[in-house]
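**Q** Before anything else, here's the structure in question.
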Amino acid sequence: MMLPLKHIKVIDLTTVAMGPLASQWLGDFGADVVKVEAPGGDTTRQTGPSTEAGMAAMFLSANRNKRSIVLDLTQASGQQALARLIDGADVFMHNIRPQKLAKLGLDPERLMQRNPRLVYAGLHGFGEAGPYGGRPAYDDIIQGLSGCADLMRRQTGEPQYFPTITADKTTGLIAAMAILAALTGRAAGGKGSVIEIPMFECMAGFNLVEHLYGRQFTPAQGEMGYPRVLSRHRHPYRTRDGHVCMLPYTDAHWRAFFAEAGAAEQATDPRFSSMAARTANIDALYELVADLVARQDSRHWLAACERIGVPASPVLSLDDLIDDPHLAAVGFFSTLHDPVLGELRMPGVPVLFDGQRPPVALPPRLGQHNAELLANIETGA
């Protein structure tokens, strides 16, 4: 396939999750991503089950479609090799705390002087201009600071983390998008740029999309927090034999649902007759719906909702995703074969280009491409 980033070269000095996920998106879209690792490798090479040392599950999930080179940046030779790689690159990305950059010769001023067309992306925990700048950050820390744990407290009564590395994954997506925007700007103006992608600010913005709510206005027109999604009654509905996900949303949806449930009169209840009224009375509405749904089995409600046009679905387990008929029909999963690792199942690239899903290549072993990359540095290729 001729993917859109085929001629873009990325030097990736990030580790763990946020940065590697961002560069994986670029690799998925065709970029030549060179993962630069310390002699010990990315720590995720040891995280999770494995059939080969250094190729654990978490590493495999965030590093497909890349090459790997090992450089010891405590040595002048390693720093010089990295500088030469960056000289020939379109993008350099790192998640090194700013205090250490100059000591490694990786400050943006020096690199941009050597390569003015470079897109220099720093993936940090916090914006450098603020009092938190330079602090270390991981997903749990950012979830605690950005409101994720408080959202769980508002809904359940206890501060909890989302059971996914949401700060890493969300900020990784934003980083990939910002890098693509900078490359587009460079194509128009010919000059590179320096990008700062801070996890805290990204996740604060992520959560405040709906939860700034009444504090959007001055003076405030209510409290923070979108009531519909914070309701403790917002969860899959229990049926006579299981659970279903169901979301009547528009006025027409609600009229159709109440009629189907034998409670048509509820559609004219002032508490439920409009979007604004339903939002203000969301707990009472969800409790009522839970009672009505519990009177029939899951098959009844899935068929009824399809017939009346109300969005609904079964509740799939993580295990169910592997055999989901839709994912199978669109060819979402890739099966890779390796003489040491054996057979591997990999989630595919979720987007299509001209009707085709980009290919998935096995994540690299530590230093797998040292010889060819160092040879290219010597020849200037």
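**Q** Using alpha-carbon pairs under 8 Å, 6+ residues apart, how would you state the relative contact order of the chain in percent?
**A** Working: 623 pairs, mean separation 65.2, N = 381.
Across the chain, relative contact order equals 17 percent.
**Q** Suppose a student asked you for the relative contact order of the stretch 237-314, using Cα pairs under 8 Å spaced at least 6 residues apart; what percent would you report?
**A** Details: 89 pairs, mean separation 37.8, N = 78.
Answer for the stretch 237-314 is 48 percent.
**Q** How would you classify the chain from its alpha-carbon gyration tensor, with a ≥ b ≥ c the square roots of the eigenvalues: rounded for a/c under 1.5, else prolate if a/b is greater than b/c, otherwise oblate?
**A** It is prolate, given that a/c is not under 1.5 and a/b is the larger ratio.
**Q** Cross-link candidates for LYS191: which aspartates and glutamates have Cα within less than 16 Å, leaving aside residues fewer than 8 places away along the same chain?
**A** Partners within reach: ASP87, ASP90, GLU109.
**Q** Which angle from 0 to 90°, rounded to the nearest 10, does the C-alpha axis of helix 370-379 make with the longest principal axis of the chain?
**A** It is inclined by approximately 50 degrees.
**Q** With r as the distance between the Cβ atoms of LEU247 and THR268 and R0 = 25 Å, compute the FRET efficiency 1/(1 + (r/R0)^6) and round to 0.05.
**A** Working: r = 21 Å, r/R0 = 0.83.
The computed FRET efficiency comes out at 0.75.
**Q** Can you spot the lysines whose alpha carbon is less than 23 Å from LYS169's alpha carbon? Ignore those fewer than 8 places along the same chain.
**A** Reachable lysines: LYS9, LYS35, LYS66.
**Q** If you don't mind, another one. Using 0.36 nm times the number of residues separating VAL229 and ALA277, minus their current alpha carbon distance, what extension gain do you get?
**A** Here the answer is 15.8 nm.
**Q** Please compute the length gained on full extension between THR47 and PHE217, using 0.36 nm multiplied by the number of residues separating them and subtracting their Cα-Cα distance.
**A** 56.7 nm
**Q** Rounded to the nearest 10 degrees, what's the angle between the helix 199-211 long axis and the longest principal axis of the chain, both from Cα atoms, 0 to 90?
**A** Taking Cα atoms only, the helix is inclined about 20 degrees.
**Q** Modelled label-to-label distance, PHE333 and ARG238, 7 Å Cα→beta-carbon offset: nm?
**A** 3.2 nm
**Q** Using only DSSP helix segments of four residues or longer, with each worth -39500 (n - 2.57), what per-residue ellipticity at 222 nm results for the chain after dividing by its residue count and rounding to 500? Show your work: numbers first, answer last.
**A** Details: 17 runs with 157 residues, N = 381.
Per the formula, -11500 deg cm²/dmol.
**Q** Please report THR14, THR239 as a ranked list, fewest other C-beta atoms within 10 angstrom at the top and most at the bottom.
**A** Working: THR14 24, THR239 19.
Ranking THR14, THR239 by Cβ neighbours within 10 Å, fewest first, gives THR239, THR14.
**Q** Further question: Please compute the modelled spin-label separation between ARG153 and ASP87, points set 7 Å along Cα→Cβ, answer in nm with one decimal.
**A** In this crude spin-label approximation the distance works out to 5.3 nm.
**Q** I would also like to ask the following. Which whole-number percent is the relative contact order of the stretch 45-129 (Cα, under 8 Å, 6+ apart)? Each step should come with its number before you reach the end.
**A** Working: 75 pairs, mean separation 18.6, N = 85.
Dividing the mean separation by the residue count of the stretch 45-129 yields 22 percent.
**Q** Output the 0 to 90 degree angle, nearest 10, between the alpha-carbon long axis of helix 166-189 and the longest principal axis computed from the alpha carbons of the chain.
**A** Between helix and principal axis, roughly 60 degrees.
**Q** Might you report the magnitude of the Cβ-based charge dipole of the stretch 237-314 about its Cα centre, with Lys and Arg at +1 and Asp and Glu at -1, to the nearest 20 debye?
**A** Working: 8 positive and 10 negative charges, 24 e Å.
Dipole about the Cα centre, nearest 20: 120 debye.
We did not get these values from a lab; they are worked out from the coordinates using the rules stated. Note that the structure is a prediction, hence the values are computed from the model and not measured. For neighbour counting, all protein chains shown are included, and Cβ atoms are generated from backbone atoms with ideal geometry for every residue, glycine included.
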